[in-house]
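A.B. asks: Shown below is the structure under consideration.
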Amino acid sequence: MAEHVVVTTTTDSEDSARELAARAVEAKLGACAQIVPITSVYRWEGEVRTEPEWRVEIKTAADRVAPLVSLLEDVHSYDTPEVIATPIEGGSAEYLRWVIAETR
């Protein structure tokens with residue numbers, strides 16, 4: 001299993017995205033987070049929708065994923081929020097050490 005992970009969620013406003021990112025970093029469940037405006041196309045309640053959203057990508061240590069997912073699910077405004085974890089398979093060793101240090 002990868003030692004480093006990107007946890008991704010989406011939300012309906014920039015303010016909400018900033019709040020999710022800040023909560024994760026303040027709790028030391030993520031080292032940093034990026035917020036990106038996107039357009040999402042999805043099916044919800046039998047209807048295809050196209051909506052603006054903000055993606056929040058949180059870099060974290062693998063052992064912080066479960067509590068980070070719990071935090072995001074607890075504070076998220078969506079009934080069924082997207083929360084997915086993607087392993088980081090490589091990258092800057094110095095940066096990845098920093099990710100671990102910031103989540104302790």
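The values are calculated or read from the model by the stated rules, or taken from the named source; none is laboratory data. It should be emphasised that the depicted structure is a prediction, and the values quoted were computed from it without experimental measurement. Cβ coordinates were reconstructed from backbone atoms using ideal geometry, including for glycine residues, and neighbour counts include every protein chain displayed. Ligands, DNA and RNA are stripped out before the accessible areas are found, and what is left, the full protein with its side chains, is counted by its heavy atoms. Shrake-Rupley method; radii C 1.70, N 1.55, O 1.52, S 1.80 Å.
A.B. asks: Taking the stretch 47-61 only, how many residues are farther than 13 Å from Val6 by Cα and either open to solvent by 70 Å² or more (accessible area, probe 1.4 Å) or within 11 Å of the chain's Cα centre (by Cα) (or both)?
C.D. replies: 6
A.B. asks: Mind telling me which of the residues Val65, Val41 ends up being at pLDDT 95 or above, hydrophobic (A, V, I, L, M, F, W, C) and surrounded by 13 or more Cβ atoms within 10 Å (Cβ to Cβ)?
C.D. replies: Only one candidate passes the filter, namely Val65.
A.B. asks: Here's something else I'd like to know. Would the stretch 81-90 turn up any residue that is without any contact (Cβ under 8 Å) to a residue 60 or more places away in the chain, among the acidic types (Asp, Glu) and open to solvent by 30 Å² or more (accessible area, probe 1.4 Å)?
C.D. replies: Looking for residues that are without any contact (Cβ under 8 Å) to a residue 60 or more places away in the chain, among the acidic types (Asp, Glu) and open to solvent by 30 Å² or more (accessible area, probe 1.4 Å), one finds none in the stretch 81-90, hence no.
A.B. asks: Take the stretch 11-30 and flag every residue that is of a type outside the set (A, V, I, L, M, F, W, C), in contact with a strand residue (DSSP E or B) (Cβ under 6 Å, 6 or more places away or on another chain) and open to solvent by less than 40 Å² (accessible area, probe 1.4 Å).
C.D. replies: Thr11, Gly30
A.B. asks: Another question, then. Select from the stretch 1-10 the residues that are touching a strand residue (DSSP E or B) at 6+ places or on another chain (Cβ under 6 Å) and at pLDDT 95 or above and write down the one among them that is surrounded by the most Cβ atoms within 10 Å (Cβ to Cβ).
C.D. replies: Thr9
A.B. asks: Now, a different point. Return only the number of the condition from (1) of a type in the set (A, V, I, L, M); (2) without any contact (Cβ under 8 Å) to a residue 12 or more places away in the chain; (3) open to solvent by less than 60 Å² (accessible area, probe 1.4 Å) that Ala33 does not satisfy.
C.D. replies: (2)
A.B. asks: Let me ask something else about it. Quick check on the stretch 68-80: of everything there that is out of contact with any strand residue (DSSP E or B) (no Cβ under 8 Å at 6 or more places or on another chain) and touching a residue at least 12 places away in the same chain (Cβ under 8 Å), which residue is least open to solvent (accessible area, probe 1.4 Å)?
C.D. replies: Going through the qualifying residues, I end up with Leu71.
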